[in-house]
Amino acid sequence: MDFHRRLLSCTSLRSSRTLHALLLVSGQSADILLATDLLNLYSRLGDLPAAALSFNQIPKQNIFSYNSMISSFVRHGFLTDAFLCFHRLLAVPNLRPDSFTFPVALKCCTALEDIRKMHSLVKRSGFGTDLFVSSSLISGYSKFGSVEYAEKVFEEMPLRDSGCWNAMVSGLCQSGREDYAVQVFNQMVQVEACVDKVTISSILPVYASLNDLLMGMSVHVYSIKHGLDSDIFVSNALIDMYSKLCCLEDARNIFDSMECRDLVTWNTMITAYEQFGDSTAVLEFFGLMKRKGLKPDILTLVSLSSAVAQIQHEGNCRAVHGFFLRRGWDEDDIFAGNAIVDMYGKINKVKCSQDVFDRMHVRDVISWNTLITSYSQNGLANEAIEIYENMGRYEGLKPVQGTFASILPACSHIGALRKGMQIHGQTIKVGLHFDVFVGTCLIDMYAKCGKLVDAMALFVGMPISSSGPWNAIIAGHGSHGQGKKALELFWEMQREGVNPDHVTFVSLLSAFSHAGLVQLGKEYFQLMKLRYGIEPMVKHYACIVDLLGRAGHLDEAYKLIQNMPLKPDAGVWGAFLAACRIHGNVELGRLASTWLFEIDPENVGYYVLLSNLYARGGEWKGVNQVRSLAKQRSLLKTPGWSSIEVNNKVNVFFTGNQSHPQYEEMYKELVILLAKMKNIGYIPDYSFVLQDVEDDEKEHILTSHSERLAIAFGIISTQPKSTLYIFKNLRVCGDCHNATKYISRVTEREIIVRDSNRFHHFKEGNCSCGDYW
C-alpha cells in the first residue's frame, strides 16, 4: 500500500485513524517521512492532540517533523506551544533550525523582545540574508510597530523578491506609515520588482486612507495592464477603495464585472451601501447573496443590522437579531453583541439594547460606549451618565476616545455642565483633550451648556486642521443667535486651509436661520454648489425651509419644497409645519401634516404641532380630531421638561408637576414674581394655553410651565443676582419667553435658557434673540 499517497489524499478523520492503524500494523509507523505525513494529516483535519501524539511517537525526530509540528501549533493558534516546541528543537544535539523553521517560529512571538532574540539567532544560524526569513522578520517587527528595525532588515538585504517588498509595504500600512508605504511601492515599481496581487491588495487601502483617488485609479490602471485586476483579492481591494473614496458607482462596476465572487466581495459591497445610507440596496444585496447560496457571516449581519436600523424597521431588526441568535453570536461574540445593542438603540428600543448588553458573556469598552450612546441618543441622558460611571466602577474599564464622544453629548442634552467639566478633566488626564473627535465634543458641550466663551477658548487652544472643531464652533455661535460671527468663522476656517464640508453648511445655514439672516442664507445655499462643489442634501433644504418659514416667507418655502430635486423628508416638512405654527397658517400647516403623517406617522411631535396650530386659531374641533388620531395610533405626547444644575445636581421639572419637595416654596416665589411682573407691565398671553378653560385656570397653567418652575427653583437655591442656566426639551412658548424677560428685570439676574431651537440670553428685560425664534 502506498501510504504516502493515501495520507496526502485523505479527507476525513475516520479514514485517517484507519490509515494510522494500518501503518502501525504494517510496522512502518517508525518511518519518519510517513510519521510526518500522518502528523500533517491530523493537523489539516483539525485534530491537534492526535498530531502532537504522532509527533511525540516519532523515534528520531528531524527538522522536517519539528517544522511540521511548530507550523501546526501556529496554524491552530497555540502560539505558546509552538514557542515551547521551537525551544525544544534548539535543545536537540546536532539539530538546528533551517530557513523554513524561522518564518514559522517568528509568527509565535508575542512581544517585540521575542522578535529581537529570534533575529539574533537568525544571524548566528547564518540565515540573515535568506529572502524568506528576512521577509518574516520584516513582518514580525512591523507587527509590533517597530518600523525602524523592519526598515533596517529591508535595507540590509542584498537581494529582494516580491515577498520582501510586499512584507515591507504591508508592514508600513499596519504601522500607520501610509506616506512611506507609498514611497516604497513607487520604488518597487521603478526598480521593476515583481508587483503581484499581494502588493496591489496592500497598497490600495493606503490610497483610500490618504483620500487620494487619482493615485488609487493609477494603481487600478497598473493592475489592468499587468493582468492583475481579474484576481479576486485585487478586485475586492478595488471595491473597498472606491467605496471609501465615495465612488460607489465605480465599486459597483467592478463588482458586476467579476466572474468569481467570494463572501468578502459581497460583504464589501454591502458595507459600502450601508455606509452610504442606502439601506434598500443593502437589503437587495443581502437577498441576492442568499439566493447565490452564500451564507452570511458576522460581518454581513453587522452591516445588515446597521442598515435595518437606518430605515427604522423594527420587524427587520428583530429578524436580524434572530439570525444572530440561531448562530449563538449575540452572547458569545462581542462584535455581534455590540452591533445588536447599537441596532436597537437606533430604533429607540433602549430596553432591548440593555437586555442584549446584560446577556453578553464578555463585554469590552466598545460595548459600554454603544450602550451609553443608545441611552444618550434616545434622550435618557441621566441614565447614560449613570452607565458611564458604572463602567469604571464595576468593570474597571478606562474611557477611551469613543467613550468621551458618547458621554459628552448626554451632558450637553440636559445641561450637566459640572459633569461635563469633570469629564473634560478626565480627557486631560488620559491625554485626549486635543484629540479632534473628543475636542469637537467638548466644544459642542460647552456651547450647548451656555458657556460659549469657554467653548471658544477651547477651540482656539486645540489643533484645528480638520472641519469637525470648526463645524462645532460655527454651530455653537449659531445656536446663540450670533449668525454674523458664525459667518466670520466660516471665512476664517478657509483662511486656515480647512475646506468646508456638508456639515459646515448645515451649521452655517442654521446660524443664519436663528439670526433671521434670510438673504445671506439664500446666497450661501447657492454658493454651496457653485463655489464649493457640494451638492445640497435634504438637511440643507430643511435649513432653508426653516430659514424662510421663520421669517414668514411661507409661500416661498412651500415653492422650494415643491421644486426640490430630492424627496422631502420629515425634517423638511417638520420645519415647514413649525413655521406654519409660528405664523398661524392653518391651511399650509394642514398640508404639511398630511405629508408628515404619511412619512413619519409614529412621531407624536407633529400631531402636537398641528394640534397647537388649531388651538391657537380657536379651532377646537380640529384639536380634538388630531388628539383622537394620535390616541388611535397609541401615541403619547412627549412631556415638556426643564432642568437646572444646582450644587452639582441636575434637577428636572415637568410642566404642572408638584412632586418636588420644595414645590410649595417654589410656588410662593412664582406668586411673588407674578405680582412684581404685573406691576411693571406684564400681561399673560392666554393664546398659549391650548385648552378651552377659564382665564384664572389659564394663568395657573402658564405659571406651571416647566421653565418657570426651574427658574423659581434656581432663584430660591442660588445667590441673589447670580446667573441661571435653564435647559428645556421643547420650544419655549411665547408667554414664557415674555415672562422670563420680566423675571430677569425684577430679579436683576441674567437667565440663559436653551430650548429645542436655540439659546436665549435674558438680561435687564431683554432677550438676545430679539423676539425672533
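The values are calculated or read from the model by the stated rules, or taken from the named source; none is laboratory data. Because the structure is predicted, anything quoted here is derived from the model rather than measured. Glycine gets a Cβ as well: all are built from the backbone with ideal geometry, and neighbour counts include every protein chain shown. Just so you know, the surface numbers come from the protein's heavy atoms only, side chains and all, with ligands and any DNA or RNA stripped out. Shrake-Rupley method; radii C 1.70, N 1.55, O 1.52, S 1.80 Å.
Observations on the model:
- Exposed-site-free run, longest, the chain (rule: GluC sites (Glu not before Pro); DSSP loop; at most 12 other C-beta within 10 Å): 260-495
- Once the chain from residue 120 to residue 260 is taken as fully extended at 0.36 nm per residue, the excess over their C-alpha distance is 45.9 nm.
- Dmax and Rg, reported as Rg then Dmax, of segment 516-672 (C-alpha, Å): 19.6, 60
- Counting every C-alpha pair in the chain, the share spaced more than 33 angstrom apart comes to 65%.
- Carbon/sulfur fraction of accessible area - segment 292-353, other protein chains in place, 1.4 Å, %: 54 percent
- Normalised size of segment 341-489, defined as Cα radius of gyration per 2.2 N^0.38 Å with N residues, equals 1.07.
- Around the amide H of residue 754, modelled in the peptide plane, lie the amide H atoms of 726, 727, 728, 760, all under 5 Å away and 5 or more residues distant in sequence or on another chain.
- 25 °C / 0.890 mPa s Stokes-Einstein diffusion coefficient of segment 256-406, Kirkwood radius on C-alpha pairs, µm²/s: 153 µm²/s
- Using alpha carbons only, the radius of gyration of segment 601-700 set against its Kirkwood radius gives Rg/Rh = 1.04.
- Of the three principal axes defined by the Cα atoms of segment 134-188, the extents in descending order read 26, 23, 15 Å.
- Phi-derived couplings, Karplus 6.51 cos²θ - 1.76 cosθ + 1.60 at θ = phi - 60°, listed residue by residue for segment 721-732: 6, 7, 6, 10, 10, 10, 10, 10, 7, 10, 5, 5 Hz, with x used for Gly and Pro.
- Whole-angstrom gap from segment 502-544 to segment 8-50, using each part's C-alpha centre: 72 Å
- Relative contact order for segment 1-99, counting Cα pairs under 8 Å that sit 6 or more residues apart, in percent: 20 percent
- Taking segment 166-209 and a reference point 7 angstrom along Cα→Cβ of residue 218, the backbone N atoms nearer than 12 Å belong to 182-183, 185-187, 189-190.
- Largest to smallest principal axis extent of the C-alpha atoms in segment 106-232, angstrom: 44, 25, 24
- Just the protein heavy atoms count here, and of the accessible area of segment 450-509 at 1.4 Å, carbon and sulfur take up 54 percent.
- Note on segment 153-220: Rg/Rh from C-alpha atoms, Kirkwood Rh, equals 0.95.
- Hull volume per residue, based on the alpha-carbon atoms of segment 40-168 and their convex hull, is 106 Å³.
- With all protein chains kept in place, the per residue accessible area of the chain amounts to 47 square angstrom at a probe of 1.4 angstrom.
- Accessible area of segment 644-773 belonging to carbon and sulfur atoms, whole % at 1.4 Å probe: 46 percent
- Partners of residue 668 within straight-line reach, counting lysines whose Cα lies under 30 Å from its Cα and excluding those fewer than 8 residues away in the same chain: 637, 649, 676, 678, 698, 721, 728, 741, 763.
- With only Cα atoms counted, segment 703-773 has Rg and Dmax values of 10.8, 31 Å.
- Whole-Hz couplings from phi, Karplus 6.51/-1.76/1.60, listed for segment 637-644; x for Gly and Pro: 5, 5, x, x, 9, 9, 10, 9
- Highest-first arrangement of 730-743, 628-641, 368-381, 419-432, where packing means the average Cβ count within 10 Å: 368-381, 730-743, 419-432, 628-641
- DSSP-loop trypsin sites (Lys or Arg not before Pro) across segment 284-391, with at most 16 other Cβ within 10 angstrom: 292
- Considering only the Cα atoms of segment 449-495, their convex hull presents on average a projected area of 3.1 nm².
- Take every Cα pair under 8 Å whose residues are at least 6 apart in sequence, average their separation, divide by the length of segment 90-166, and the relative contact order is 30 percent.
- Sparsely packed loop sites in segment 227-303 (the chymotrypsin sites (Phe, Trp or Tyr not before Pro) outside DSSP H, G, I, E and B with at most 15 other Cβ atoms within 10 Å) comprise 276.
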